[in-house]
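Quick notes on the structure that follows.
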């Protein structure tokens, strides 16, 4: 290569980056010897930021636009002035492109069940999963805290750490929310906002933000879901006696269609039992009625100074009323109650303030 070809090559330098990988967060512009020529044109497109590192120090951050670089690293001048270096510039500069667009459809989920205390079911476990997005908001901080000198940094290299932060804050928020498990599905949007707000301060230290956070599902362990299904099925049965008659009639029909004497005999036997029950309704009436289930004891939550305390049993509420910790104007709430009410507006609690001992007798 002639001297004219060499010098003409020194005058042409266009720095730009186009990315079609959809997961690259940072890419270093590669130049032999990391030499950035004096007067080079730097192109920064929308959704990008360029971080200029000169002589090992982060010098500047370029937002979208076209720039003419004029730095101390001037290969034209140093090449002509330092023949003893063999046309090698002793100055080094680097350009790191940072993708500032949103990285979408990222997955998160609880690896292990989260323990919490539910007002209705008591101690229980839940699992959850969803999606989130990540966006670099401070390229300078992101480069110094996370990327370092990595020439090509992808979303996979930080997603594990972000997921750990999400699960940790989700566990803390969901345990402190006090929302019953059966009502969480109706409050996933509000829970998502609470979790996103709790995550914001931590990820901001890395120069990133999570602009979108979604909870797609909150589920109970399989054995708890099976118990709920059984409870729901029992509620849908309605009149147990009518259900038993229907089951006997269905068994009779299936027994008549079954092949063999065994199927016919079983169907006939169940049919006779059903007929005897229908013919003698007084026998069913004479049977002693089962006692009603014991009433469900309410547990109460108290709102004081913008914070929620509880749950407390009625006995504990009585102790608090006697000690003056619970007054008639204290705001209380229990499962099934329509919003917060003062204690004297709740009949079950109002009696705690009306039972007062009579004055002592004279001379006692």
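One residue stands out in region 59-77 among those that are closer than 20 Å to residue 151 by Cβ and buried (at least 16 other Cβ atoms within 10 Å of the Cβ): the one that is modelled with the lowest pLDDT, namely 73. If you go through region 294-332 and keep only what is touching a helix residue (DSSP H, G or I) at 6+ places or on another chain (Cβ under 6 Å), exposed (fewer than 15 other Cβ atoms within 10 Å of the Cβ) and in a helix (DSSP H, G or I), you end up with nothing. The residues of region 159-183 that are in contact with a helix residue (DSSP H, G or I) (Cβ under 6 Å, 6 or more places away or on another chain) and either without any contact (Cβ under 8 Å) to a residue 40 or more places away in the chain or over 14 Å from residue 200 (Cα atoms) (or both), listed by number, are 165, 169, 173, 179. Residues in region 333-352 that are surrounded by 15 or more Cβ atoms within 10 Å (Cβ to Cβ) and outside any strand (DSSP E or B): 334, 335, 343, 344, 346, 349, 352.
The values are calculated or read from the model by the stated rules, or taken from the named source; none is laboratory data. All of these numbers come straight from a predicted model, not from anything done at the bench. Note that we place each Cβ from the backbone using ideal geometry, even for glycine, and neighbour counts take in every protein chain shown.
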